[in-house]
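Contents: one structure, followed by commentary.
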Amino acid sequence: MSMNYFSPTPGGQDCEVDAHVTKAGRTLAFVDVEVRDKRTGKVTARGTHVKFIPPMPDPKASNGNTKRPPGTPKVAATPEAAEHFISDMINDVREGFQADATQNFEATALYGLRDITATRGQVVCMLPVKQRVQNRYNTLHGGCIATLVDVIGSAAIMTMNEHSGVSLQISIDYLSELPGGEECEATATVSHLGKSTATAVVDLRVKRTGRLAARGTHVKFLAGGLPHVRSRL
């Protein structure tokens, strides 16, 4: 997954998201996503999402008793399937999670973050993979991983620079699952610090086994404390 951030979408505004498939093969699919300020039509972010398409079990080989993988729509490859897919996830959230309307997104995604250790150029912390940060597969949600790359990467940059800057790009490679009930160990290391940009590399591992689950790169523009420059995330 790769995201480029162009400008902020202010609180109170509607965000319009347009996703379209650029390629769909037998094992991989590529999706481009544009995020706009609905009122102005201004593009605020653009992303690319690459997904692995696992092979579906052969119902004949299993005598018709094959269970569909979680998140698989009942009718595939149609616009209606996409609508049902999103609606089902929204309903699952409504049934299983009571959101506090006063909380921002980071408070939700990072709740429980602990054991934070900062040294020059590096920040290490732990996040229990509890239900509130899990996806429908009961593993750490990719969006939560992206938030960790954002926030912990920014914190690492602040160990070497007065200001954390604003996000230009975040790219993430998802390598293996991080199951619910485990602890996620996030290590952010500054790999570049220049006059105008800084880069942090963030590794997320299963603490118990040390297995690398995801690696993200966060590129930030160092705004130098200019009061009119705000974060793009």
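Coordinate-derived values only; no laboratory data. Just so it is clear, the structure is predicted and the values come from calculations on it, not from any experiment.
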task = Grab the eigenvalues of the alpha-carbon gyration tensor for region 148-214, scale each by 5, take roots, and send me the semi-axes largest first in whole angstrom.
result = 25, 11, 9
request  = List, in the order given, every pair from Lys51/Lys195; Lys23/Lys195; Lys38/Lys220; Lys42/Lys130; Lys38/Lys195 whose Cα-Cα distance in the structure shown is over 29 Å.
outcome  = Lys51/Lys195; Lys23/Lys195; Lys42/Lys130; Lys38/Lys195
task = Work out from phi, with θ = phi - 60° and the Karplus expression 6.51 cos²θ - 1.76 cosθ + 1.60, the ³J(HN,Hα) of each residue of region 182-196, listed in order in whole Hz, and give x for Gly and Pro.
result = 8, 10, 9, 9, 10, 10, 10, 10, 6, 9, 8, 9, x, 6, 10
